[in-house]
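Below is one structure, written out as structure tokens; comments come after it.
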Amino acid sequence: LPLVCLLWEVAMIVLFGVFVRFSPEADAHWEKEKQEMNLTSDIENDFYFRYPSFQDVHVMIFVGFGFLMTFLKRYGFGAVGFNFLLAAFGIQWALLMQGWFHSFKSGKILIGVENLINADFCVGSVCIAFGAILGKSSPIQLLVMTLLQVTLFSVNEYILLNLLHVKDAGGSMTIHTFGAYFGLTVTRILYRPNLEQCKDKQGSVYHSDLFAMIGTLYLWMYWPSFNSAVSDHGDAQHRAAINTYCSLAACVLTTMAFSSMLQKKGKLDMVHIQNATLAGGVAVGTSAEMMLPPYGSLIVGFICGIVSTVGYVYLTPFLESKLHIQDTCGIHNLHAMPGLIGGIVGAITAAAATEDMYGKEGFIKTFDFTGTYQTRTASVQGGFQAAGILVSLLMAFAGGALVGAILKLPIWGDAAAENCFEDDVYWEVPEDEEGDAYHMHNPDKPASP
Amino acid sequence: LPLVCLLWEVAMIVLFGVFVRFSPEADAHWEKEKQEMNLTSDIENDFYFRYPSFQDVHVMIFVGFGFLMTFLKRYGFGAVGFNFLLAAFGIQWALLMQGWFHSFKSGKILIGVENLINADFCVGSVCIAFGAILGKSSPIQLLVMTLLQVTLFSVNEYILLNLLHVKDAGGSMTIHTFGAYFGLTVTRILYRPNLEQCKDKQGSVYHSDLFAMIGTLYLWMYWPSFNSAVSDHGDAQHRAAINTYCSLAACVLTTMAFSSMLQKKGKLDMVHIQNATLAGGVAVGTSAEMMLPPYGSLIVGFICGIVSTVGYVYLTPFLESKLHIQDTCGIHNLHAMPGLIGGIVGAITAAAATEDMYGKEGFIKTFDFTGTYQTRTASVQGGFQAAGILVSLLMAFAGGALVGAILKLPIWGDAAAENCFEDDVYWEVPEDEEGDAYHMHNPDKPASP
Amino acid sequence: LPLVCLLWEVAMIVLFGVFVRFSPEADAHWEKEKQEMNLTSDIENDFYFRYPSFQDVHVMIFVGFGFLMTFLKRYGFGAVGFNFLLAAFGIQWALLMQGWFHSFKSGKILIGVENLINADFCVGSVCIAFGAILGKSSPIQLLVMTLLQVTLFSVNEYILLNLLHVKDAGGSMTIHTFGAYFGLTVTRILYRPNLEQCKDKQGSVYHSDLFAMIGTLYLWMYWPSFNSAVSDHGDAQHRAAINTYCSLAACVLTTMAFSSMLQKKGKLDMVHIQNATLAGGVAVGTSAEMMLPPYGSLIVGFICGIVSTVGYVYLTPFLESKLHIQDTCGIHNLHAMPGLIGGIVGAITAAAATEDMYGKEGFIKTFDFTGTYQTRTASVQGGFQAAGILVSLLMAFAGGALVGAILKLPIWGDAAAENCFEDDVYWEVPEDEEGDAYHMHNPDKPASP
């Protein structure tokens, strides 16, 4: 691990040295630039349009995803710590990869706040995939996966946004569908038949569920920022935030309803509350900035709360027992299915767009029908949106298979099955009363050294 | 529960479908609108004035209130989870109710970011009332209370803001006074004489107090955003944030002082630190955007820290034993009394306003003395502000009595007294070492199934 | 304690009454001011440039520093609670002290959002010093230290920013170097030889490490806001955020690498992850707003992750055993050394600046080479930056020695050595199963009363 971290960081420094410079709005020449662009005020700097959203997204990636995964009773350090490691590495590599594809000008990558958001987005898809293999992989495996997944993500994103000219500001397709199916393919290939023996460690304890709720709530609250962060200035950011807010609110109610309905005695299950309540945000990722009306968002949230909760109850056990897909956090229910729904809703919303609904200027601005796309119609756009889903799926399966095969090589020092979901393998764990209590109540396990 | 959630969510979708559309600033026609309004830049969109404050308020409602109530040792899931449920439902209903009263144009409710903030505010008053009945009610009771309280809140708000033309940007009257006395009336009517027997579950454990501090700190830190979120653009938002900051800082010191003074051996009590430190924010809710000078804020915070802490030590036990008001979180000390103080301070500050102090334009803008209110004077405004307090109190008592009576009907499936403050009734609780430890130390209780 | 708190708060009210008023941008006269300044929109109010950053900084001070210090198994209340107390008191005193030095106009201190940020910054340096004496001091000692340290901080800041005309927007020198060496000097003077006997209480438990990670992550995520909060509008804020983001990302990787490398069996240590990952933010505090290129930030982060982690492993034990510096949180590794590095990097970056690199206007604006400084060159500026480091160090040692001597007076009621790192002395601690468990596993300690 030390060697890998140091080498890669050195590589980052060299590549940043060669390629990365500030965008005009972050460069000290901005004073002059401003005059040339005839801007009257510093407030026109993109920083003020996007920085608050950026910080919200940043919190989602590091606290949101990190703490969401702390529900495991003995893997809290790994959940937060490895998420921290892979995200910190991933954003650097993502700045480069996405920079080459999108911000490359005369031999340099020019970065500004929008690049930071996109790097966070890209890493978000890695955090999603991490959810599937949580507790079963070594940190080196995670770093290798991050490197490769960020690369594939950027290629997929380039195909969708630039070649197909697809709109996907909240990343239903690029982040969630791709990230989740990628992670599921990887975990399928890394299938561990003997995982049963640490079944007792896959559960939660009372406090670990509360820690996980911190993650859930930050993801839920800041999701409007996630879906609006890179939308067009003005009405598009505004609209995306409102739609996401509505969808998430509806999703909470149907999640609670189905969680209670599907359990014996009508009790609520924290796993559903922690996860399925977020599905509504995933599923309006593509369409939130379009003229999806607020009631449309409610319908999407309504459906996703149901689909996701039902998935946790019936589909996850099925995937594990029949298809050998061991999905620790249930990303299939939280990201994969809602992501697909999001892609479809986006395609429909785009296909149904009319100039009347958007206004002439609004229509062109929303779908960016300028230049070579000047003549594209709404229904054609809908078709391309649908194609984007298929491309993302294809990339996820193919990429996941490739990366899974690489991670299966016996050189990455992954833990034995009996050590899965146990922080003690990779972390100095305090020998505390709770640890003692844990082993006290599990007398068949030897005390940790 | 499942049926109620699903039916209400369907009702929401239908009502949103009929009534809710985007405000001009969130609509794709904004491009054209902008030209007509002669705006030069997208940054003039209200989104950029209010979105950061909105996100802070959002955190206060879901993390702030949610975690503040996790101090109970065995009711953390209920505190965070039910708060999540009622808030998610409440914001949808509030968007409709407040929309009909305030944003109704040619048959449609036009929503923008300010509506989202107001919906969060409205739900805040429900979260306050929830604090009084925490641990003693079923989720269905909570949903019924949310539905009715949001309705009454909106009516009260309409009377105050539109009929009396009262200023109350931070909601000392509309949110805190109304919400707290409403909740106290409800809990009085739902009085449970046998609650003594689960006295041991009404306490906290070491970690649950730390979880509650997360809630406290987020409420404390973001309160300046709460009080400034819907103030006028520019100086009013700026001033409201500064005043709230000052008041809260002063409040911490007097809370600590009195907490230490009133305990044996001079020790500090976490209950006071978690709650009374926030009273300063409540009490400048009305006046923060007015020209209350910073030292005035300090005085308000100074007094409220004392009042609130003394309330916890002497008043709460008195209310419980003599008046049969079982106030789980002590909302009387944190919201009711400081809310009243806030209303009074607001009335005085308004009555004392002079054109000299505000400037001619500032005076008119701050109190919105335009149109039919062009001739209203500062002292008359002070009188109306005072009337606003009385109306809020009246609505709270009458509404609370009504809703309490409805909730007392034996059809809502509320828990028996011995199951109060216990997550196990409504939640799948992991059977963990701590749970065991809990029962180990409470040998008179049977082990949870 | 009660008396001190109340007296000081009364003093604050009086001083605020005499001196503090609103800045023009927060005053109701702003409507007129705006016309005179020919501003077309309320969005030009400084509030909208700085408020989001302010809130992030606010979270860092109260949640970041507060929870970072909750790692101790029995001192969570003290860490969060005393941090809350001293910060709430400190910001009021800092508003006054910094106001007299920087915002004093015709007999009044005019405060706006930038003052709030600077007050938070000033208190940040007290929170840093608190880290060194965490668990060993009484609340009164902390309040006395806060009063004196804020005073000295403001003097030092005045010398640096006004007399030496040094740039230090992120406070590598003024906040970190000064705060850390001040705290280390104080803890040296308060040396307690018998602290060994509560060695067992200086450790963490599993959950307390997770609470500390909340603090770590909020500091890490919001550090870009910290370093950009008071930079010039526009490109400088933008650039500072990007540089800090890059430096922090690099720092995580080298911290993980060295943490694993320096432990037996290659395990990771939570102490390093919680602290050393943040060193990169400290070390670009001075230079982030300058034209330090992104790869430069990566190099700084790279080095600081190593220096800080090595410091935890080798230097902290050495300081304690040889120099009798008992540094509870290891602020020498997180703030002192990275702060020095930050000062040096800032001096070099300033000295290396050219008009070509910044553009003519940008060069003048960045270093504020106007008025009497019109003729200062980059290399001279570099020299003054270096002088700023020395002045900060000198002030820290002299001030720390003085304050340490005052705190050593036997009148402040500090706890006996065997009660250090124990909440029970100053807090009502719930007698819960965990507390019991704690004593159960430490049978040589008497049960808490």
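The values are calculated or read from the model by the stated rules, or taken from the named source; none is laboratory data. The structure presented is a predicted model; accordingly, all values stated were derived computationally and were not measured. FYI the Cβ positions are ideal-geometry reconstructions off the backbone, even for glycines, and counts take in every protein chain you see. The accessibility values were calculated without ligands, DNA or RNA, using every heavy atom of the protein model including side chains. Shrake-Rupley method; radii C 1.70, N 1.55, O 1.52, S 1.80 Å.
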Next on the checklist: Please count how many residues of the stretch C:43-65 are within 8 Å of chain B (Cβ to nearest Cβ), open to solvent by 10 Å² or more (accessible area, probe 1.4 Å) and in contact (Cβ under 8 Å) with a residue 40 or more places away in the chain.
Outcome noted: 2
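Mind counting the residues in the stretch B:163-176 that are more than 17 Å from B:ALA119 (Cα to Cα) and either open to solvent by less than 10 Å² (accessible area, probe 1.4 Å) or of a type in the set (Asp, Glu) (or both)? Walk me through how you get there before you give the answer.
Step one: filter the stretch B:163-176 for residues more than 17 Å from B:ALA119 (Cα to Cα), giving B:163-167.
Pick out the ones that are also either open to solvent by less than 10 Å² (accessible area, probe 1.4 Å) or of a type in the set (Asp, Glu) (or both) and you get B:166.
Residues flagged as more than 17 Å from B:ALA119 (Cα to Cα) and either open to solvent by less than 10 Å² (accessible area, probe 1.4 Å) or of a type in the set (Asp, Glu) (or both) within the stretch B:163-176 amount to 1.
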Checklist entry - Across the stretch C:186-218, what is the total count of residues that are out of contact with any Lys or Arg (no Cβ under 7 Å at 6 or more places or on another chain), more than 8 Å from every other protein chain (Cβ to nearest Cβ) and within 13 Å of C:GLY76 (Cβ to Cβ)? => result 2
Next on the checklist: Against the condition touching a Leu at 6+ places or on another chain (Cβ under 7 Å), modelled with pLDDT under 95 and farther than 29 Å from C:TYR426 by Cα, how does B:LEU190 come out, does it pass?
Outcome noted: yes
Checklist outcome for this item: In the stretch A:102-121, anything in contact with a Leu (Cβ under 9 Å, 6 or more places away or on another chain) and open to solvent by 10 Å² or more (accessible area, probe 1.4 Å) is listed as A:HIS102, A:SER103, A:PHE104, A:ASN115, A:ASN118
Next on the checklist: List the residue pairs whose Cβ atoms are under 6 Å apart, where the first residue sits in the stretch C:360-379 and is modelled with pLDDT of 90 or more, the second is loosely packed, with under 14 Cβ neighbours inside 10 Å and in a helix (DSSP H, G or I), and the two are 6 or more positions apart or on different chains.
Outcome noted: C:PHE363/C:GLU355
Checklist entry - Within the stretch A:286-304, is there a residue that is on the phi < 0 side of the Ramachandran plot, touching a Pro at 6+ places or on another chain (Cβ under 8 Å) and small (Gly, Ala, Ser)? => result no
Next on the checklist: Among the residues of the stretch B:424-431, are any open to solvent by 20 Å² or more (accessible area, probe 1.4 Å) and at pLDDT below 75?
Outcome noted: yes
Checklist entry - Regarding C:PHE226, is this residue away from chain A (no Cβ under 14 Å) and of a type outside the set (Val, Ile, Thr)? => result no
Checklist outcome for this item: For the stretch A:1-50 the number of residues that are of a type in the set (Gly, Ala, Ser) and within 30 Å of C:THR255 (Cα to Cα) is 4
Item to check | Those residues of the stretch B:66-91 which are open to solvent by 10 Å² or more (accessible area, probe 1.4 Å) and within 9 Å of another protein chain (Cβ to nearest Cβ), in sequence order | outcome: B:LYS73, B:ARG74
Checklist entry - Can you tell me which residues in the stretch B:14-42 are more than 29 Å from A:ILE43 (Cα to Cα), hydrophobic (A, V, I, L, M, F, W, C) and open to solvent by 30 Å² or more (accessible area, probe 1.4 Å)? => result B:VAL14, B:LEU15, B:VAL18, B:PHE19
Item to check | Hits in the stretch A:229-257 (condition: more than 7 Å from chain B (Cβ to nearest Cβ) and over 15 Å from B:ASN45 (Cβ atoms)) | outcome: A:ALA229, A:VAL230, A:ASN243, A:THR244, A:CYS246, A:SER247, A:LEU248, A:CYS251, A:THR255
Checklist entry - Among the residues of the stretch A:1-42 satisfying the criterion of being more than 14 Å from C:ALA236 (Cβ to Cβ), modelled with pLDDT under 90 and in a helix (DSSP H, G or I), which is farthest from the other protein chains (Cβ to nearest Cβ)? => result A:GLU36
Checklist entry - Could we say that A:ILE348 is within 14 Å of another protein chain (Cβ to nearest Cβ) and part of a helix (DSSP H, G or I) here? => result no
Checklist entry - Of all residues in the stretch C:122-156, how many are open to solvent by less than 10 Å² (accessible area, probe 1.4 Å) and within 15 Å of the chain's Cα centre (by Cα)? => result 20
Item to check | Count of the stretch A:352-388 residues which are more than 13 Å from chain B (Cβ to nearest Cβ) and part of a helix (DSSP H, G or I) | outcome: 13
Checklist entry - In the stretch B:327-342, is there at least one residue being within 14 Å of chain C (Cβ to nearest Cβ), open to solvent by less than 30 Å² (accessible area, probe 1.4 Å) and not in a loop (DSSP other than H, G, I, E, B)? => result no
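Yes/no per residue for (1) more than 30 Å from A:ASN118 (Cβ to Cβ); (2) open to solvent by 10 Å² or more (accessible area, probe 1.4 Å):
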| site | (1), (2) |
| --- | --- |
| C:LEU161 | yes, yes |
| C:GLY179 | yes, no |
| C:ILE189 | yes, yes |
| C:LYS201 | yes, no |
| C:TRP220 | no, no |
| C:ASN227 | no, no |
| C:VAL230 | no, yes |
| C:GLY234 | no, no |
| C:SER247 | no, no |
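Yes/no matrix, rows are residues, columns are (1) open to solvent by less than 40 Å² (accessible area, probe 1.4 Å); (2) outside any helix (DSSP H, G or I); (3) at pLDDT 95 or above:
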{"position": "C:VAL300", "(1), (2), (3)": "yes, no, yes"}
{"position": "C:TYR312", "(1), (2), (3)": "yes, no, no"}
{"position": "C:PRO317", "(1), (2), (3)": "no, no, no"}
{"position": "C:SER321", "(1), (2), (3)": "no, no, no"}
{"position": "C:HIS324", "(1), (2), (3)": "no, yes, no"}
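One line per residue, one yes/no per condition, for (1) farther than 25 Å from C:CYS329 by Cα; (2) touching a Ser or Thr at 6+ places or on another chain (Cβ under 8 Å); (3) at pLDDT 95 or above; (4) polar (S, T, N, Q):
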site: C:LYS105; (1), (2), (3), (4): yes, no, no, no
site: C:LEU116; (1), (2), (3), (4): yes, no, yes, no
site: C:ASP120; (1), (2), (3), (4): no, no, yes, no
site: C:ILE140; (1), (2), (3), (4): no, no, no, no
site: C:VAL144; (1), (2), (3), (4): no, no, no, no
site: C:THR151; (1), (2), (3), (4): no, no, yes, yes
site: C:ASN156; (1), (2), (3), (4): no, yes, yes, yes
site: C:GLY171; (1), (2), (3), (4): no, yes, no, no
site: C:THR177; (1), (2), (3), (4): no, yes, yes, yes
Item to check | Criterion: touching a Cys at 6+ places or on another chain (Cβ under 8 Å) and either assigned to a helix (DSSP H, G or I) or aromatic (Phe, Trp, Tyr) (or both) - qualifying residue of C:PHE47, C:PHE65, C:PHE82 | outcome: C:PHE65
Checklist outcome for this item: Restricting attention to the stretch A:268-288, the residues that are within 11 Å of chain B (Cβ to nearest Cβ) and open to solvent by 10 Å² or more (accessible area, probe 1.4 Å) number exactly 2
Checklist entry - Between residues in the stretch A:216-244 that are under 9 Å from A:ASP56 (Cα atoms) and residues that are part of a helix (DSSP H, G or I) and among the acidic types (Asp, Glu), which pairs lie under 7 Å by C-beta distance while being six or more apart or on different chains? => result A:TYR222/A:ASP56; A:SER225/A:ASP56
Checklist entry - For C:ALA240, all conditions in the list (1) under 19 Å from A:TRP427 (Cβ atoms); (2) buried (at least 24 other Cβ atoms within 10 Å of the Cβ); (3) of a type in the set (A, V, I, L, M) hold save one; what is the number of the exception? => result (1)
